[in-house]
Amino acid sequence: EDQVTQSPEALRLQEGESSSLNCSYTVSGLRGLFWYRQDPGKGPEFLFTLYSAGEEKEKERLKATLTKKESFLHITAPKPEDSATYLCAVQATNFGNEKLTFGTGTRLTIIP
Amino acid sequence: GAVVSQHPSWVICKSGTSVKIECRSLDFQATTMFWYRQFPKQSLMLMATSNEGSKATYEQGVEKDKFLINHASLTLSTLTVTSAHPEDSSFYICSARRGQNSYEQYFGPGTRLTVT
């Protein structure tokens, strides 16, 4: 069974203090690993897709990396508006099955 | 691009009644749409996958007679919670896959269902 574990559960940072969020996964065969941002009471907002180990993607203050066992979401010099829950999900290479298996997320709070 | 809407954003209904939630892809055609539910401080759990013009595929443990899914067009999928009970109260979120060459799912804003 596919599994995703995210750590830490919650993270409080001062504005400008860089850090990383971790997503460890086990999957029979990885089709893709997805990062989303979710604000309270809203649906997840797509951030990145990573397909193979060694791949990196960047968007503004966020950078996602992927190894064969885990992914990191690095946040550089965060601002208060980066406060949200960050979700990681994996999709396995099962033919005809596009199920996303989500972790429980990291709740990030950036203090001004 | 890749905007998905849901209606209503929140609904309160009495136990035993049915509720319909709509999910629309506004700026793209979605051959595949997905329905998730999320309990407070928990992760999203896939309920079912729907493909336009065919029957939905339900995840294990999800009652297909209780959660009716219809994907009538390339831009609209509906979820009907039949004979709702308080334990069905949850946050229901749909997503849609854009195009055949991408596996990325774009999510709607969610619908908060409260059954009294």
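The values are calculated or read from the model by the stated rules, or taken from the named source; none is laboratory data. Worth saying up front: this structure is predicted, and the values here are computed from it rather than measured. FYI the Cβ positions are ideal-geometry reconstructions off the backbone, even for glycines, and counts take in every protein chain you see.
Miscellaneous remarks
- Counting only residues that are within 14 Å of chain B (Cβ to nearest Cβ) and touching a residue at least 24 places away in the same chain (Cβ under 8 Å), region A:69-98 holds 11 of them.
- Leading residue by the ranking (nearest to A:TYR86 (Cα to Cα)) among those in region A:1-31 that are out of contact with any Lys or Arg (no Cβ under 9 Å at 6 or more places or on another chain), modelled with pLDDT under 95 and not basic (Lys, Arg): A:GLN3
- All strands (runs of 3 or more DSSP E) inside region A:19-68 with 2 or more residues being surrounded by 15 or more Cβ atoms within 10 Å (Cβ to Cβ) and either without any contact (Cβ under 8 Å) to a residue 60 or more places away in the chain or among the hydrophobic types (A, V, I, L, M, F, W, C) (or both): A:19-26, A:30-38, A:45-50, A:62-66
- Strands (runs of 3 or more DSSP E) wholly inside region B:1-57 containing at least 3 residues that are not β-branched (Val, Ile, Thr): B:4-7, B:19-25, B:32-38, B:44-51
- Residue list for region B:68-97, restricted to those being within 14 Å of B:LYS20 (Cβ to Cβ), more than 9 Å from the chain's Cα centre (by Cα) and part of a strand (DSSP E or B): B:LEU68, B:ASN70, B:HIS71, B:ALA72, B:LEU76, B:VAL81
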